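Written below as structure tokens is the structure these notes are about.
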Amino acid sequence: MQRRTLLKAGLAAAGALGLAPGIRQAFASEPFTFYGLKSMSGPFASYGKFADMGSRLAVEHYPQLLGRPLHYKVIDTEGNAGKAVRKVQEAIAQDGARFFQGCTLSSSALAVAKEVNKAGGVFMTPVGADEVTGKDCNSATFRWSVPTYGAIRETLVPLIKTLPDAKRWYTITPQYVFGEALLDGTRQVLDEHGLEHIGNSYHSLQEQEFSGYLTNAIVAKPDVLVLLNFGSQSNNALRQAVNFGIKERMKVLLVWSAGLDQFQELGSDILEGVYLGAQYWHQVDTPLNRELVKATQAKYGINPTYPLAADYISTKVMLDTIASTGSFDGPTVANAMQGLNYQGPTGAESIRAGDHQVIKDYYLLVGKPADQMRDADDLATVISSGRSFASVESTGCVLG
């Protein structure tokens with residue numbers, strides 16, 4: 001769409017509000033603010049840093065949007081649902097905010113989604129809890145990442161096929177909505193395959209010492225230890241597991257990794273032989289991913305990570321849709337995003353109209369030994385990828 005057309009669309013919107021010509025001109029030049037919800041501080045700050053980098057990269061595509069300067073503003077969620085929702089409420093009430101992208105924790109995203117929906121805005125998030133596009137779905141909220149249902153099925157099912165003698169499975173789970181969803185999915189898959197879930201250890205979101213939980217796992221003597229935690233907690237759990245010699249006693253699966261930045265932090269000594277679920281991997285060969293890798297290397301001097309890729313594509317899809325509709329009206333943009341087909345980092349991706357879930361691949365990788373790495377970021381190999389999604393009818397989603 002040409003700039004003149006975009007500007008006319010913005011002025012037409014102002015005219016529809018019955019504004020005088022001078023005021024319409026001022027409206028057209030007033031910055032439009034797009035809000036990034038990032039955990040810039042708190043226990044998930046490392047995730048928030050890369051998520052912010054992804055949104056900033058996408059915003060650079062649009063110095064102006066419908067004739068208005070585009071301003072990107074970060075709201076630090078602090079990895080805390082209560083603080084996140086209060087800050088979003090303030091942005092809506094005080095600044096007229098309507099377009100939001102991000103959130104690290106499912107609990108934060110679920111709370112934010114309700115507020116954005118009430119305000120008539122649009123919210124796109126990478127969080128994992130099934131409820132986001134399930135029983136708590138709404139017409140304003142979209143999700144890029146494969147939810148817990150698909151993450152479990154695209155890791156456990158291929159791993160069960162890879163390890164036919166693994167009969168006994170043990171889980172370590174964070175006790176909040178995301179962890180509970182992963183645990184429920186794990187139990188269901190193991191039951192379907194006639195395998196034994198011999199035990200589970202819960203931990204809090206603040207826990208960083210996992211020796212007690214790992215001791216419980218060793219005593220239970222599983223064939224596979226399944227880690228259902230995320231971020232720094234899964235880092236600490238994996239490090240401590242290696243110190244306990246767990247890799248020599250059983251196979252280890254981390255269902256929901258943060259991808260490259262987490263792998264870099266852990267290193268090949270810890271990752272070697274560990275199975276890793278991932279929403280994104282920088283080595284996947286797709287047209288948009290090649291562009292994203294090139295742009296990320298040019299701007300930041302690194303390869304893209306999962307949070308960077310997730311928030312890049314989500315921000316890009318939202319901004320592209322605002323541009324294509326010629327509208328800053330939330331419901332108009334949300335309606336246009338329903339059923340949208342586009343090229344994403346994992347290849348051809350689409351937004352399912354019935355629940356606003358993006359249909360995309362999820363990956364199972366295995367950590368490489370150091371002597372097989374081609375470069376510093378070649379820490380894992382993709383051994384399986386696929387798409388597993390519950391039907392809209394079974395999710396409990398009723399858009400409204």
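Just so you know, all these numbers are worked out from the coordinates, no wet-lab data involved. The shown structure was predicted, so the numbers you read here are calculated from the model rather than taken from an experiment. As a convention, Cβ positions derive from the backbone with ideal geometry for all residues, glycine included, and neighbour counts pool all protein chains shown.
Restricting attention to region 174-273, which GluC sites (Glu not before Pro) occupy a DSSP loop and are surrounded by at most 15 other Cβ atoms within 10 Å?
GLU209
Would you mind putting 290-297, 97-104 in packing order, based on average other-beta-carbon counts within 10 Å, highest first?
For the peptides 290-297, 97-104, the packing ranking is 97-104, 290-297.
Could you give the length gained on full extension between ASP269 and LYS135, defined as 0.36 nm per residue of separation minus the Cα-Cα distance, in nm?
Length difference between fully extended and current span is 44.1 nm.
Can you list the aspartates and glutamates whose alpha carbon is less than 12 Å from that of LYS316, not counting same-chain residues fewer than 8 positions off?
Those aspartates and glutamates meeting the cut-off are GLU60.
With unit charges on the beta carbons (Lys and Arg positive, Asp and Glu negative) and the dipole taken about the Cα centre of the chain, which residue among VAL226, TYR62, ASN80 sits farthest to the positive side?
It is TYR62, whose Cα lies furthest towards the positive end.
Arrange LEU254, LEU266, LEU364, LEU195 by Cβ neighbour counts within 10 Å, fewest through most, would you?
The fewest-first ordering by Cβ neighbours comes to LEU195, LEU266, LEU364, LEU254.
Which aspartates and glutamates does LYS87 reach when only Cα atoms under 13 Å apart count, and residues fewer than 8 places away in its own chain are ignored?
Of all the aspartates and glutamates, those that pass the test against LYS87 - Cα under 13 Å, at least 8 places apart if same chain - are ASP76, GLU78, ASP95, GLU115.
Along the Cα→Cβ direction, 7 angstrom out, place labels at GLU30 and LYS49. What is the inter-label distance in nm?
3.7 nm
How big is the convex hull of the Cα atoms of the chain, per residue, in Å³?
For the chain, the hull spanned by Cα atoms encloses 124 Å³ per residue.
Which are the unpartnered cysteines of the chain, meaning those with no other cysteine Cβ under 4.7 Å from their Cβ?
By the Cβ distance rule, which asks for a partner under 4.7 Å, the isolated cysteines are CYS103.
Below 9 angstrom from the Cβ of ARG387, what's the summed charge of the other residues (Lys, Arg +1; Asp, Glu -1)?
-1
Would you calculate a helix-derived [θ] at 222 nm for the chain, using -39,500 (n - 2.57) for each DSSP H run of n ≥ 4 and dividing by the full residue count, to the nearest 500?
On the way: 16 runs with 181 residues, N = 400.
Calculated mean residue ellipticity at 222 nm is -14000 deg cm²/dmol.
For a footprinting-style exposure proxy, rank ILE218, ILE75 by other Cβ within 10 Å, fewest first.
With the fewest neighbours first, ILE218, ILE75 line up as ILE218, ILE75.
A 26 angstrom limit on the alpha carbon distance is what I want to check against. Which of LYS49/LYS83; LYS299/LYS368; LYS49/LYS294 exceed it?
LYS299/LYS368
Between SER204 and GLU90, take the C-beta separation as r, use R0 = 25 Å, and let me know the FRET efficiency to the nearest 0.05. Display every interim value, and only then the final one.
Details: r = 28 Å, r/R0 = 1.12.
According to the calculation, E is roughly 0.35.
One quarter of the convex hull surface, Cα atoms only: what value does that give for region 195-259 in nm²?
Projected area, direction-averaged: 4.3 nm².
Neighbouring Cβ atoms within 10 Å as the yardstick, rank SER41, SER204 fewest first.
SER204, SER41
Could you check the spin-label model distance between GLN188 and LEU399? Points 7 Å from the Cα along Cα→Cβ, value in nm.
So the label points at GLN188 and LEU399 sit 2.2 nm apart.
Of PRO164, THR381, ASN117, which is farthest on the positive side of the dipole of the chain, counting Cα position, with +1 on Lys and Arg Cβ, -1 on Asp and Glu Cβ, and the Cα centre as origin?
Projecting each Cα onto the dipole axis, the largest value belongs to ASN117.
Modelled label-to-label distance, TYR342 and PHE244, 7 Å Cα→beta-carbon offset: nm?
4.2 nm
State, as an integer percentage, the relative contact order of the chain based on alpha-carbon contacts under 8 Å between residues 6 or more apart.
The normalised contact order for the chain reaches 19 percent.
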